[in-house]
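Remarks on the structure that follows.
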There are 2 protein chains.
Amino acid sequence: MDFRFSLICPLPKLDFDIITLGHGSGGILTHRLLDKLIFEALRNPILEQEHDGAYFNLPGELAFSTDSFVVHPVFFPGGNIGELAVNGTVNDLAMCGATPRYLSLGLILEEGLPIAEFWEILQAIKHACADANVQIVTGDTKVVDSGKGDKIFINTTGIGTVHPKARIGSEHICAGDQVLVSGPIAAHGMAILSVREGLAFESPILSDTQSVNHLVIRLLDAYGEKIKFLRDPTRGGVATVLNEISQKCQKGIRVQERDLPVEEAVGGACELLGLDPLYVANEGIFIAVVSPEIAESALNFIRNDPKGHGAACIGEIVDTHPGQVVIKSQIGGSRVVHMLPGEQLPRIC
Amino acid sequence: MDFRFSLICPLPKLDFDIITLGHGSGGILTHRLLDKLIFEALRNPILEQEHDGAYFNLPGELAFSTDSFVVHPVFFPGGNIGELAVNGTVNDLAMCGATPRYLSLGLILEEGLPIAEFWEILQAIKHACADANVQIVTGDTKVVDSGKGDKIFINTTGIGTVHPKARIGSEHICAGDQVLVSGPIAAHGMAILSVREGLAFESPILSDTQSVNHLVIRLLDAYGEKIKFLRDPTRGGVATVLNEISQKCQKGIRVQERDLPVEEAVGGACELLGLDPLYVANEGIFIAVVSPEIAESALNFIRNDPKGHGAACIGEIVDTHPGQVVIKSQIGGSRVVHMLPGEQLPRIC
């Protein structure tokens, strides 16, 4: 497991090395777990109030989003469930055009989880929060008996303040608008699949998990209402998100297959396994529907950001075939791309 | 299972009768689950925006709280995990002196969960939200493979607006302040235990799960800063909460055992099983530390509310033995009551 997060803070000295049911009792053991590990890793003044909830003021329009994470395995090439849980909710808020501010952290631990792994996950949460500039301000920890969970499930719920220039909404989308993607697709899903199936590729495939909120906010600063729609193509992949957009705005979307950015190793792995990268999950990119007059400029803007250097324009909104996504293949044929019909890779996030 | 919630809305017609992994894919099956069941049960204008998050304005000081629910079994005498999940977070916000406004709903479903049971849980969520006057405005649904969860785990995270007269904080607590409890203790834990262990008592023991936010807000309207501290004694029971309060304010608490309200059936069951009701979980009562001059009036105020008719004054804050809770038994002896040391009843909420 050479992809494991390298510890920066050493594990505190404790008199227990696995999670037990008593850590979920609400009594002394729970308090010890909180004090020695969770507060130790995540401390900030609001969290330390240690009340039943956190207090703060947030004027203006707010965005509120929740996500539970059940990814298997919890450690994967490029990250672990901890940073995934922070980045996922941070990105959902960014897709609302909001600056993420505060997160809650709901942990469901399985009895027997090694403390060393739990600490590593907490460290990843801490670093992801620092990178996205958000704080965990309230939390909850439950423990389920061995065999009734799977190491750790994490819920994060976030609150953000909506950017004053944001006008994100499918009702603003018109024919001619351009569809941008902020980076190469399908990396997260293929990273999970490769470790789950024990596949070894020449160059290892890393999850793309990252927060994109700072980039999105700068984009809104620069282009305001010309950014018409934002969505992160996680479960169900790019194909599912394009279908959602197309159905919401009742316009068609035309995609050029040759424009889809796919890293070579990821594309090769998809081909080998017979998977279409359009349906594979992503955790660190977003799709933006933008006005045609700013499309090129916005694309360059995204590409100039270290978190968007692989961005591409992949398609266009059209008046024909409303509610349908049509892809033009490299050899010239066209086909309709549907939403993911069944399940491709369960527990991808 | 005669304690099961009686359905008010009939189960919608569907072409699936159990949850499958595909319902967590993010694709067509997820959309169908959302449209046919979750939105159907919980619809409201904010939820129906169907974006990555919900938008709203909430001026003033906010409270933010999260709780995950892993109770086993999910149906128990007096309720199910659905209403427990709503009432739990609603009550946590109320304990912050806040009017709960919006909740998120994070579902982790186990493959194989019967749709009929899921619908019953959604109906309980709907009714609990209506009773507490809160809305589910955003959500997330994940599915884990059979054997990696336990039917359903629920996270609710809530936002509320803090009452302008609320001054809840352990720093306000003084010697002489009175400790009130809003109803009989230990009902929830004993209800769960009775069904888990297959115990039959003469009169069935029902969980006390209920939301207390309306009562708490009226109490703050009437008494403002004279209500010094609020906490709901869930996991760890009344003993653990009294210890938390005592340690936070570095005062002692003296409790009269004869004043502890315990329903006869609950008390009998505790005695039979050798459990101290002080450590058994509650899900529909709260502890309030109040100024002595309003204690009697506030107690009557709580008793006059249908959700507080079994309220009692159980003790007093003292300057002696700071950080310790001492109980005076019915026969006159005194003993120190500690925080719950290990785990008494795992997965109680």
Give the residues of segment A:279-300 that are assigned to a helix (DSSP H, G or I), more than 25 Å from A:Val266 (Cβ to Cβ) and touching a helix residue (DSSP H, G or I) at 6+ places or on another chain (Cβ under 7 Å), sorted by residue number.
A:Ile294
Mind counting the residues in segment A:208-233 that are within 14 Å of chain B (Cβ to nearest Cβ), within 19 Å of the chain's Cα centre (by Cα) and either closer than 16 Å to A:Leu299 by Cβ or among the acidic types (Asp, Glu) (or both)?
5
The lone exception for A:Gly82 - which of (1) assigned to a loop (DSSP other than H, G, I, E, B); (2) more than 7 Å from chain B (Cβ to nearest Cβ) it fails:
(1)
From the options A:Val318, A:Val255, A:Val290, residue that is of a type outside the set (Ser, Thr, Tyr) and either out of contact with any Gly (no Cβ under 9 Å at 6 or more places or on another chain) or within 14 Å of another protein chain (Cβ to nearest Cβ) (or both):
A:Val290
Could you tell me how many of the residues in segment B:134-166 are within 21 Å of the chain's Cα centre (by Cα) and within 7 Å of chain A (Cβ to nearest Cβ)?
9
Every residue from segment A:167-181 that is assigned to a loop (DSSP other than H, G, I, E, B) and within 10 Å of chain B (Cβ to nearest Cβ)
A:Ile168, A:Gly169
Does B:Gly236 satisfy the condition of being within 25 Å of B:Ser334 (Cβ to Cβ), more than 23 Å from the chain's Cα centre (by Cα) and modelled with pLDDT under 95?
no
Step by step: first the residues of segment B:7-65, then only those that are within 7 Å of another protein chain (Cβ to nearest Cβ) and exposed (fewer than 12 other Cβ atoms within 10 Å of the Cβ), then the one that is nearest to A:Glu48 (Cα to Cα). Which residue is that?
B:Pro59
Within segment B:188-195, is even one residue at pLDDT 95 or above, under 25 Å from B:Ile294 (Cα atoms), surrounded by 24 or more Cβ atoms within 10 Å (Cβ to Cβ) and not aromatic (Phe, Trp, Tyr)?
no
Residues that are of a type in the set (A, V, I, L, M), part of a loop (DSSP other than H, G, I, E, B) and either farther than 13 Å from B:Cys96 by Cα or free of Cβ contacts under 8 Å to residues at least 24 places away in the same chain (or both), drawn from segment B:190-227
B:Leu199, B:Ala200, B:Ile205, B:Leu206
Go through segment A:66-79 residue by residue and tally those that are more than 7 Å from every other protein chain (Cβ to nearest Cβ) and either within 27 Å of B:Leu47 (Cβ to Cβ) or in contact with a Gly (Cβ under 8 Å, 6 or more places away or on another chain) (or both).
2
Residues of segment B:90-103 being closer than 15 Å to B:Lys126 by Cβ and in a helix (DSSP H, G or I), which ones?
B:Val90
When only residues in segment B:44-79 that are without any contact (Cβ under 8 Å) to a residue 40 or more places away in the chain and part of a strand (DSSP E or B) count, which is nearest to B:Leu122 (Cα to Cα)?
B:Tyr55
Of the residues in segment A:301-349, those that are assigned to a loop (DSSP other than H, G, I, E, B) and of a type in the set (Lys, Arg) come to A:Lys307, A:Arg347
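The values are calculated or read from the model by the stated rules, or taken from the named source; none is laboratory data. Here the structure is a predicted model, which means the values were calculated and not measured. Don't worry about glycine lacking a Cβ; one is built from the backbone with ideal geometry, like all the others, and counts go over all protein chains shown.
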